[in-house]
Amino acid sequence: MGRYIGGRVVSMVITFLIIASLTFFLMKLLPGTPFNNQEKLSDAQIVQLNEKYGLNDPVAVQYFTYMTNLFKGDLGVSFQQDGRQVSTIIGERIGPSAYLGFQSLVVGTILGLVLGIVAALRHNSIWDYGTMVVAVLGISIPSFVIAGLMQYWFGVKWQLLPVAYWDGFAYTIMPTIAIASIVVATIARFMRTEMLEVLGQDYIVTAKAKGLSSTAVVIRHTIRNASIPIITIMGPLVVGLMTGTLVIERIFVIPGLGEKFVNSILTNDFPIIMGTTLFFSFLFILVILLVDILYGIVDPRIRLAGGKE
Amino acid sequence: MKKSRWTLVLSLVLVLSMFLSACGGGGSNEGNGNAGGDDSGSESAKQELNLTDSAEIPSMDTTQATDTTSFKAMNQVFEGLYRLDKNNEPTLGVAADEPEVEEKDGETVYTFTLREDAKWSDGSQVTAEDFIYAWHKALHPDTLSPYASMFGTAGIKNGNAIVTEGDPLYGKVEELGAKAVDEKTLELTVESKTPYFKSLLTFATFYPQPKGFAEEQGDKYALEADTMLYNGPFVFSEWNHGEGWNYKKNTEYWDADVVSLENISVKVVQDVATAVNLYETGKIDRAGLSSDFVDQFQDREDFSTILEPTMFFLRMNQENEALANKNVRKALFLAYDREGLVNVLLNNGSIAAKYFVPSDFVSGPNGDDFRDHAPDGFHADMGEAEAKEAWAAGLEELGMDSVELEFLTTDSELASKIAEYAKEQYESKLDGLTLTINKQPWKQFLELEDNGEFDISTGGWGPDYPDPMTFLYMFETDGAYNRMAYSSEKYDELVSNAKTETDAAKRWEMMQEAETVLMEEDIAIVPTYQRGLAILQKDYVKNYYVHPFGADASYKWIKIEK
């Protein structure tokens, strides 16, 4: 297992470097300058400003400067937020995004699993149909629609919850529901299908035949075996939560990283584009590793196969 | 159906709150359900204002800022020699009095005496040296300001030369016609006089910076609330990047007696619907509306519209054979139904424009609005019939029976709608015309427009200083903003003469004539609308003044009267 993880870490570093290089060169293909008032700058002024920010150097030189600084842990300074460190900006933005993402993931997963299990165990009952209706709605209604409706009814009409801002637990409820809806729906659907499949397997019949109580069958055999595919979809779900909360952050005025990420691309804020992309890539790679390790824990066959490699 | 979803949402809330109270995350003791209750029924006129802005503040360094959010914030916490008053006239700021003016060798020397009681927020004096420090910084190649050209615009001696690469004076900031004679005397030498000189001095690029303090802070100057000093009506009490910023009254401000507001909170809210919801729940006192909200609110007392001096128009690239034909351009000018655009599509107080220098923007030497000349715009009495006539004549002259044009625009929602509208207008009225819409992200749009890679493009322009010239100079032959290969000797001559003409009345006439040449004789562009802004503002907010150029608004005089 140790060697397996070691090998994975090396390939992670290589992946990371490739992402960094690709992003850098692709970013340089973006048209225009990083200056806000570009439409009012003459060509001579643009040349002078580029000089000031080292943007007149050949791209290769800029690349090596950037990578050298990256190894020293220096992500540079933002062009748009004049002179502020990229690491500082990511640091102050990541808190709300991470909190919200984590809360939505936990709530969504738990609720999704419960609904999926109940639906499978009460197959073809009102519970089952109810869950599936919820799942279809959760997947097909975009989160920003849910967010907008909640904001209007809970926030403005009934004044139960604050409309927006980021100022304590009450402020996280609506954004969490909006984001978690897709998680609940996805997981409930998968869990139901997997449970139904596992329930039909021979070893379940065997387990029942050897006299295990139905609770034990469900917990020890069914749920554990049904959750392997769930772990597979958790990876993409987590990544989706990291980058996909942008609209929700916007609607509920949450000072998160998603907004920064998108805005940096629109405004050609090169250091922020690099910083946020690398940050998200790092998380992504990490999540993939964690998912693979989790497989091993849930399914010993995978662990053995990995160990032999 | 509706009911069951409703139950579901409620149960979600319940499960969520149980889960979180169980694991104690969140770190807030606010319960579920009471947080939105804004029963803050107290009607005492607390001098507090809650606002939103659509963007973060990119920079509080007066030499580096380029955007409206920064300029607006800086206007509340800093002050130059002058500031704009409620009538958009320059009123004395740090300058104690109007300057002594002396004509010397064809140059004009303005000697300003600074106020005794003009202080930075740490109690230190605002000195002439602080102005010089900031201005040199703006012009120096290492710290060049994107607005460095303002010094040249103001006519300050060597302002242009210092930022022109290849000029013997390039980078020699000490050659700027601005000297600190002593601590309280600032002497400005102007090589070309402009009628809007004082108004320009209200612009952020001309603010002072606390020399000693700024040098001490180095790279960190103005990056955080506590790494800058303030000399305006307010100071930042808090600056949470990404979330918002708070102002409080500056007790060291020389005119603190007239400042009523104690605290102002500004939150960054990008979504218009959210801002409206916050406004409706009393969390904010003013909200800007997009067109889709206007119908819902326009009959309310707290609804109003503001006409901005920002013009939108179509550039017609005369490199294109068809667009080089005046009749074709005339047809395009006339066939556009501007009323439909402003009343249906925009619906926010924007007005139809057949002119280029905006209405309600500047007044001439006799006090008349520039727009009193051709008040209804140009070709005002012509319509669709004349458009068709001109179109047919143009095609005949060209020997063509159909024309295909590329219509370059940006990819914003509004721009896309307007482009579709233009296409529909033109193709239905002008037989044989096909418009292909080319939607591009903003930066790419600028690049293509700058390179002349378009037939028709959607332009927009707001003023940099309060003078028609800020619009008219754009279309000089080979001008940086011309971009459409328009060239007229007559126009060039009028504009360049108006730049140097000292007789205000004559100058005004020249500029009005230049506009006539551009619009009536040459039909170089198709103006479409002058932008309006629809807002909601609580009735207890008094004296919120908006400005047509530089900083959008002044909070100095705002009062809360409940």
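Are there any chymotrypsin sites (Phe, Trp or Tyr not before Pro) in segment A:128-199 that are in a DSSP loop and have at most 15 other Cβ atoms within 10 Å? List them by number.
A:Trp158
So for the pair B:Glu174, A:Arg3, with labels modelled 7 Å out along Cα→Cβ, what separation do we get in nm?
7.2
List the relative contact order of chain B as a percent without decimals, with contacts defined as Cα pairs under 8 Å and 6+ residues apart.
After rounding, I find 18 percent.
Taking a threshold of 32 Å on the Cα-Cα distance, which of the pairs B:Lys157/B:Lys249; B:Lys72/B:Lys429; B:Lys157/B:Lys506; B:Lys193/B:Lys490; A:Lys157/B:Lys86 fall above it?
From the list (B:Lys157/B:Lys249; B:Lys72/B:Lys429; B:Lys157/B:Lys506; B:Lys193/B:Lys490; A:Lys157/B:Lys86), the Cα-Cα distance tops 32 Å for B:Lys157/B:Lys249; B:Lys72/B:Lys429; A:Lys157/B:Lys86.
With +1 on each Lys and Arg Cβ and -1 on each Asp and Glu Cβ, how big is the dipole of chain A about its Cα centre, in debye rounded to the nearest 20?
That gives chain A a dipole magnitude of about 1000 debye.
What are the extents of the Cα atoms of segment B:229-355 along their three principal axes, listed from largest to smallest and rounded to whole Å?
That works out to 63, 36, 30 Å along the principal axes.
Provide a whole-number value for the mean count of partner chain Cβ atoms within 10 Å of the Cβ atoms in peptide B:56-63.
Partner Cβ neighbours, averaged per residue: 4.
Per-residue HN-Hα couplings for segment B:79-96, Karplus 6.51 cos²θ - 1.76 cosθ + 1.60 at θ = phi - 60°, whole Hz, x for Gly and Pro?
For segment B:79-96, the Karplus-derived couplings read 8, x, 4, 10, 9, 6, 9, 5, 8, 6, 9, x, 10, 4, x, 5, 5, 6 Hz, x marking Gly and Pro.
Which net charge results for the neighbourhood of B:Ala422, defined as the other residues with beta-carbon distances under 12 angstrom from its beta-carbon, given Lys and Arg at +1 and Asp and Glu at -1?
0
Can you sort B:Glu520, B:Glu386, B:Glu476 so the residue with the fewest Cβ neighbours within 10 Å comes first?
Least crowded to most crowded, the residues run B:Glu520, B:Glu386, B:Glu476.
For segment A:1-140, what does the relative contact order come out to in percent, with C-alpha contacts under 8 Å and a separation of six or more? List each step's numbers first, then the result.
Numbers: 43 pairs, mean separation 15.8, N = 140.
RCO, segment A:1-140: 11 percent.
Could you name the aspartates and glutamates whose alpha carbon sits less than 17 Å from that of B:Lys184, not counting residues in the same chain fewer than 8 places away?
Within the straight-line limit of under 17 Å, B:Lys184 reaches these aspartates and glutamates: B:Glu79, B:Asp97, B:Glu98, B:Glu100, B:Glu116, B:Asp117, B:Glu129, B:Asp130.
Counting just the Cα atoms, what span does the protein assembly as shown cover along each of its three principal axes? Round to the nearest Å and put the largest first.
Per principal axis, max minus min of the Cα coordinates gives 110, 73, 62 Å.
Among A:261-273, B:335-347, what's the highest-first ranking by average C-beta atoms within 10 angstrom per residue?
Values: A:261-273: 21.1, B:335-347: 18.1.
With the highest mean Cβ count within 10 Å placed first, the list reads A:261-273, B:335-347.
With contacts defined as alpha carbon pairs under 8 Å and 6 or more residues apart, what's the relative contact order of segment A:83-191 in percent?
43
Which GluC sites (Glu not before Pro) from segment B:245-315 combine a DSSP loop assignment with at most 15 other Cβ atoms within 10 Å? Kindly include the intermediate steps, with their values, before the conclusion.
Numbers: sites: B:Glu252, B:Glu262, B:Glu280, B:Glu301; in loops: B:Glu252, B:Glu262, B:Glu301.
Loop-located and lightly packed - B:Glu262, B:Glu301.
In nm, to one decimal, how far is the B:Val181 label point from the B:Lys562 one, both placed 7 Å along Cα→Cβ?
About 5.1 nm separates the two model spin labels.
With both partners inside segment B:295-448, how many of the DSSP beta bridges are antiparallel, as a percent to the nearest 5?
Counting only bridges with both partners in segment B:295-448, antiparallel ones make up about 10 percent.
What length, rounded to one decimal in nm, is gained on full extension from A:Ser214 through to A:Val136, with 0.36 nm per residue of separation minus their alpha-carbon distance? Write down the numbers at each step before the final one.
Values: separation 78, 0.36 × 78 = 28.08 nm, distance 2.94 nm.
Stretched fully, the A:Ser214-A:Val136 segment lengthens by 25.1 nm.
Give me the percent of DSSP beta bridges within the protein assembly as shown that run antiparallel, rounded to the nearest 5.
Given both bridge residues lie in the protein assembly as shown, the antiparallel proportion sits at roughly 80 percent.
Taking a ≥ b ≥ c as the square roots of the Cα gyration tensor eigenvalues, with a/c under 1.5 meaning rounded and otherwise prolate when a/b beats b/c, else oblate, which class fits chain A?
Oblate, since a/c reaches 1.5 and b/c is not below a/b.
Collect residues whose amide H, placed 1.01 Å from N in the peptide plane, falls under 5 Å from the amide H of B:Asp53; neighbours closer than 5 in sequence don't count.
Excluding prolines and chain starts, which carry no amide H, the hits are B:Lys267, B:Val268, B:Val269.
What spacing in nm lies between the two simple spin-label points modelled at B:Glu509 and A:Thr88, each 7 Å away from Cα in the Cβ direction?
Taking the simple label geometry, B:Glu509 and A:Thr88 are separated by 5.7 nm.
Ignoring the sites themselves, what is the longest stretch of chain A with no trypsin sites (Lys or Arg not before Pro) in a DSSP loop and at most 16 other beta-carbon atoms within 10 Å? Before the final figure, lay out each step's value.
Working: sites that count: A:Lys72, A:Arg122, A:Lys210.
Counting only loop sites that pass the neighbour cut-off, the longest clear stretch is A:211-309.
FRET efficiency for B:Asn343 and A:Val205, Cβ-Cβ distance as r, R0 = 56 Å, nearest 0.05?
Plugging the Cβ-Cβ distance into 1/(1 + (r/R0)^6) gives 0.15.
List the chymotrypsin sites (Phe, Trp or Tyr not before Pro) within segment B:130-228 that fall in a DSSP loop (any state other than H, G, I, E or B) and whose Cβ has at most 16 other Cβ atoms within 10 Å.
For chymotrypsin sites (Phe, Trp or Tyr not before Pro) across segment B:130-228 that sit outside H, G, I, E and B with at most 16 neighbouring Cβ atoms in 10 Å, the list reads B:Tyr170.
Would you tally the net charge around B:Ile57, using a Cβ to Cβ cut-off of less than 10 Å, leaving B:Ile57 out, and scoring K and R as +1, D and E as -1? All intermediate terms of the calculation are to be shown ahead of the outcome.
Details: positive: B:Lys72; negative: A:Asp82, B:Asp53, B:Glu56, B:Asp67.
Once positives and negatives cancel, what remains is -3.
Please give the net charge around B:Val269, taking every other residue with its beta carbon less than 12 angstrom from that of B:Val269, where Lys and Arg add +1 and Asp and Glu add -1.
Numbers: positive: A:Arg250, B:Lys267, B:Lys283, B:Arg286; negative: A:Glu249, A:Glu259, B:Asp53, B:Glu56, B:Glu243, B:Asp271.
Counting the neighbours of B:Val269, the net charge comes to -2.
Stretch B:Asp411-B:Thr434 to full length: gain in nm at 0.36 nm per residue minus the Cα-Cα span?
Stretched fully, the B:Asp411-B:Thr434 segment lengthens by 6.3 nm.
Across peptide A:39-46, how many C-beta atoms of other chains are within 10 Å of each residue C-beta, on average?
6
Calculate, for B:Lys388 and A:Phe282, the FRET efficiency according to 1/(1 + (r/R0)^6) with r their C-beta to C-beta distance and R0 60 Å; round to the nearest 0.05.
Details: r = 62 Å, r/R0 = 1.04.
The calculated FRET efficiency here is 0.45.
Per 0.36 nm of contour for each residue apart, how much would the distance between B:Ala485 and B:Glu107 grow if the chain were fully extended, relative to their Cα-Cα spacing?
Taking B:Ala485 through B:Glu107 to full extension adds about 132.5 nm, to one decimal.
Pop the C-beta distance of B:Asp369 and B:Asn240 into the FRET formula with R0 = 41 Å and round what comes out to the nearest 0.05.
Here the calculated transfer efficiency is 0.45.
Per-residue mean of other chain beta-carbon atoms within 10 angstrom of the beta-carbon, peptide B:521-533?
0
Tell me whether chain B comes out rounded, prolate or oblate; compute the Cα gyration tensor, take square roots of the eigenvalues as a ≥ b ≥ c, and use a/c under 1.5 as the rounded threshold. Show your work: numbers first, answer last.
On the way: a/c = 1.97, a/b = 1.11, b/c = 1.78.
It comes out oblate by the Cα gyration axes.
Using the charge dipole of segment A:195-309 (Lys, Arg: +1 at Cβ; Asp, Glu: -1 at Cβ; taken about the Cα centre), state which of A:Ser281, A:Ile230, A:Leu199 has its Cα farthest towards the positive end.
Most positive-ward Cα: A:Leu199.
Report, in debye and to the nearest 20, how large the dipole of chain B comes out about its Cα centre when Lys and Arg carry +1 and Asp and Glu carry -1 on their Cβ. Don't skip to the end; give the middle numbers.
Details: 49 positive and 100 negative charges, 381 e Å.
Taking the Cα centre of chain B as origin, the dipole is about 1820 debye.
Each value in this text was obtained by applying a stated rule to the coordinates, not by laboratory testing. Quantities reported herein were computed from a predicted structural model and do not represent experimental measurements. All Cβ positions, glycine included, derive from the backbone under ideal geometry; neighbour counts span all protein chains shown.
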